[in-house]
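The values are calculated or read from the model by the stated rules, or taken from the named source; none is laboratory data. Everything numeric here is computed off the predicted structure, so don't read it as measured data. Glycine gets a Cβ as well: all are built from the backbone with ideal geometry, and neighbour counts include every protein chain shown.
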Amino acid sequence: MTAPPTEKPSADGEWTVGKIIEWTTAHLKKHGSDTPRLEAEILLAFTRKCPRIQLYVQYNERLTDPQRAQMRELVKRRAQAEPVAYLVGHREFFGLDFQVTRDVLVPRPETETLVLELIAAAKPHPQARILDLCTGSGCIGIAAAVNLPAASVTASDISPAALAIARKNAESHQVESRVRLLEGDLFGPLGESDQFDVIASNPPYVADGEMATLPPDVRLHEPHLALQAGPQGLDVIRRVIAGACGHLAPGGMLLIEFSPEQAPAVSQLIEDAGLFDAPRLIKDSAGLVRVIAARRRTSV
Ligand code: GLN
C-alpha cells in the first residue's frame, strides 16, 4: 500500500512562528527600528498571548488566521513608528511590568539610573518618605516602593489620565497602600508641611526647539505634556528645584533626570538655590550624564 499523498502546504502554511519572526524582523529593520528582532518577538508573543520565551518552542507552529490578521495590523502600526509599548499596553522597567497607554511616557532605560539612585538614597532611612514628581505611569515611585518595603511614596502628576494608569500599576504591584497619588502641578497638591527624605523626578525636559527633532516614535505618539519644557527645556526642572527647598528634610536628597547637555545649567540651578551640598552628576547605562543628586545641607 502506498502512503497517502502528503498535503501540499498552502501558501499560508508558510507562516510559522519562526517565519513570522524572521519576516517581521526584516520589515521593522527596513523601517528604521533599532531592535527589530526583539520587537517582532514582543508583538508576536502579544498576538499569541504567550510569554516571549515560549515562542522558541513554538517555532514551527502555524499562526491561526486571526493571529495573522492581528500581527499584520500591529506590524503595520509599528512600521509607522507607534511605540511597541503602546501597541501591547505594557513595558518592562526595573524588572517590573508596567501598564502604559498614550497618556504616559513609555518608561525608558535611562530612568532606571534615577531609580537606582533613589533606592540608594532612601535605604538609610528606615521608613523613607519619598516624593515622585511628574510620576506618569508611576514607574519611578512604584519601583521604589516595591524595592523598599517600609517606604511610603507620594507621587504627583498634573494629568488625571496618567494618574489613573499609575493607580493601576500601584495595584498590580500591590503597593497601593504605600503609594499616595495626588493630582496637581508638582508640589501643588502637597500639604505645606509635608517633608520628604528623597524627592525624585523625571520631569519634562525637552527644549521647545528640540521637539521637532525627536524620533518619530516620541514626537508623533508620546504625550508632549510629559516632554516639552520651554526654550531650554529647563522650565519644569527650575520649579522642581525651587519647590524642593520647601519639602526636603535636612539631609534629604533631590534627584532629577535631565538631558545630557543640560548638566551645566542644572548644576548651576542647584548651586544658585543655595541650600544644597555640591551636587553629584550620574551617568546612565549609555554613558551619558543623566541624573543629578543634590543633598540638602543639614545646617545653613
Ligand atoms: N528622554 C526623553 C526623550 O527625549 C525625555 C523625557 C523627558 O522629557 N522627561 O525621549
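Apart from one condition, E192 fits all of (1) under 17 Å from the mean Cα position of the chain (by Cα); (2) modelled with pLDDT under 95; the exception is (1).
Please work out if P204 is near the ligand (Cβ under 9 Å from one of its atoms) and crowded, with 16+ Cβ neighbours inside 10 Å. Yes, satisfied.
Enumerate the helices (runs of 4 or more DSSP H) found wholly within segment 39-125, keeping only those where 2 or more residues are over 15 Å from the mean Cα position of the chain (by Cα), within 21 Å of E222 (Cα to Cα) and among the aliphatic types (A, V, I, L, M).
65-79
Each residue in segment 209-233 was checked for being within 12 Å of the ligand (Cβ to nearest atom), not in a loop (DSSP other than H, G, I, E, B) and not hydroxyl-bearing (S, T, Y), and 11 pass.
Farther than 14 Å from S137 by Cβ and surrounded by fewer than 21 Cβ atoms within 10 Å (Cβ to Cβ), is that true of L148?
Spelling it out, it is not the case that L148 is farther than 14 Å from S137 by Cβ and surrounded by fewer than 21 Cβ atoms within 10 Å (Cβ to Cβ).
May I ask you to list the residues in segment 157-166 that are in a helix (DSSP H, G or I) and either more than 15 Å from the chain's Cα centre (by Cα) or on the phi > 0 side of the Ramachandran plot (or both)? Across segment 157-166, the qualifying residues are P160, A161, A164.
For segment 259-266, state whether one or more residues are away from the ligand (no atom under 11 Å from the Cβ), part of a loop (DSSP other than H, G, I, E, B), out of contact with any Ser or Thr (no Cβ under 6 Å at 6 or more places or on another chain) and at negative phi.
Here is the first cut: in segment 259-266, the ones away from the ligand (no atom under 11 Å from the Cβ) are 261, 263-266.
Add one more test, that the residue is part of a loop (DSSP other than H, G, I, E, B), and what stays is none.
No: zero hits.
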